[in-house]
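J.: Before I ask anything, here is the structure I am working with.
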């Protein structure tokens, strides 16, 4: 694709360089070479522009100065990051899939498949399932009974979707994810753990993405719910009866106990642990490796274990770093006081 073609596609204005140069791929500004396009969206990376070897660079007008290589075409646009993402998709298209229903797939007679469906080898689709138009069920996927999957979904190899799960449109579930397993619920009686039956399900709204090897447990009685547009990273454990709102971000290795509510726009950074029956408010941010034992107010940022207001936690940490010095001073004062007393 020529630079001029890419500029038109991404709503950018080319300046300088040779806009007739063909582009082959995209790269970051530190490693980009000839026939590649890159992006400068943050001033802290501006130092790399002078020596940039790329043929084109998406950039906001506010970041342009005179320190630009002669052969670099600037692609001036309002939102360089989004324009660059469009360019990446154009230059690195997904491999075309030979859509078919494999003869090695096991599909129940009562399952209903929409138009333009792909079902890979050794996939298994249970009784009374409904798969929407344009969806892709990759090799080795297991879909239980009574599952409904919307249109244009992608279920990657070896994911497992338990009975009665409801999935909306444009949902991506990556390899190894387990959707709808029993929750971890037991009652201790007569010196033994008695399993609590889990007869609910999982409901996933449109435009959700679920990472590899993530587990989302079914509700004990009702539903575990994932809201519109939420994104869940790899290796996340989401317990039974949780309600995740819209556009929530949950990063890798988070563990969320049962019956929690995570409201719209909240962010849980990596390795956050959440106790059961906790509410995390709208647009709250829980920073990495925090332990949540009480509700988090909307719009706040918390950190630590147990988590507290970010600024308070950082002040405490800074004070803790001075503890050895303070202890040394106390010893000196004790020594002087002892001499005075004598």
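The values are calculated or read from the model by the stated rules, or taken from the named source; none is laboratory data. Please read these numbers as outputs of a predicted model, since none were measured by experiment. We place every Cβ from the backbone using ideal geometry, glycine too, and count neighbours over all the protein chains shown.
J.: I'm trying to understand the selection: among the residues of the stretch 50-70, which are within 18 Å of residue 12 (Cα to Cα) and surrounded by 15 or more Cβ atoms within 10 Å (Cβ to Cβ)?
T.: Of everything in the stretch 50-70, those that are within 18 Å of residue 12 (Cα to Cα) and surrounded by 15 or more Cβ atoms within 10 Å (Cβ to Cβ) turn out to be 54, 55, 56, 57, 58, 59, 60, 63, 64, 68.
J.: Okay, moving on. Tally up the residues in the stretch 165-192 that are surrounded by fewer than 13 Cβ atoms within 10 Å (Cβ to Cβ) and part of a loop (DSSP other than H, G, I, E, B), please.
T.: Residues meeting the conditions: 2.
J.: Let me ask something else. Answer with yes or no whether residue 96 is surrounded by fewer than 19 Cβ atoms within 10 Å (Cβ to Cβ), farther than 20 Å from residue 201 by Cα and not assigned by TED's automatic domain parsing to the domain that holds residue 25.
T.: yes
J.: Then there's this: Looking at 57, 10, which is the one that is touching a helix residue (DSSP H, G or I) at 6+ places or on another chain (Cβ under 7 Å), under 20 Å from residue 92 (Cα atoms) and at pLDDT 95 or above?
T.: From the options 57, 10, the qualifying one is 10.
J.: Next question, about the same structure. Determine if the stretch 304-319 includes at least one residue that is touching a helix residue (DSSP H, G or I) at 6+ places or on another chain (Cβ under 6 Å) and at pLDDT 95 or above.
T.: yes
J.: As an exercise: evaluate residue 44 against (1) on the phi < 0 side of the Ramachandran plot; (2) surrounded by fewer than 16 Cβ atoms within 10 Å (Cβ to Cβ); (3) outside the structural domain of residue 19 (by TED's automatic domain parsing) and give the number of the one condition it does not meet.
T.: (3)
J.: Take the stretch 26-41 and flag every residue that is surrounded by fewer than 22 Cβ atoms within 10 Å (Cβ to Cβ) and within 15 Å of residue 4 (Cα to Cα).
T.: 35, 36 - these are the residues of the stretch 26-41 that are surrounded by fewer than 22 Cβ atoms within 10 Å (Cβ to Cβ) and within 15 Å of residue 4 (Cα to Cα).
J.: Answer yes or no: is there a residue in the stretch 25-40 that is in contact (Cβ under 8 Å) with a residue 60 or more places away in the chain and within 15 Å of residue 83 (Cβ to Cβ).
T.: Looking for residues that are in contact (Cβ under 8 Å) with a residue 60 or more places away in the chain and within 15 Å of residue 83 (Cβ to Cβ), one finds at least one in the stretch 25-40, hence yes.
J.: Looking at residue 17, is it part of a loop (DSSP other than H, G, I, E, B), surrounded by 13 or more Cβ atoms within 10 Å (Cβ to Cβ), out of contact with any strand residue (DSSP E or B) (no Cβ under 8 Å at 6 or more places or on another chain) and not assigned by TED's automatic domain parsing to the domain that holds residue 135?
T.: Taking the combined requirement at face value, the residue does not satisfy it.
J.: Answer with yes or no whether residue 78 is part of a loop (DSSP other than H, G, I, E, B) and exposed (fewer than 15 other Cβ atoms within 10 Å of the Cβ).
T.: yes
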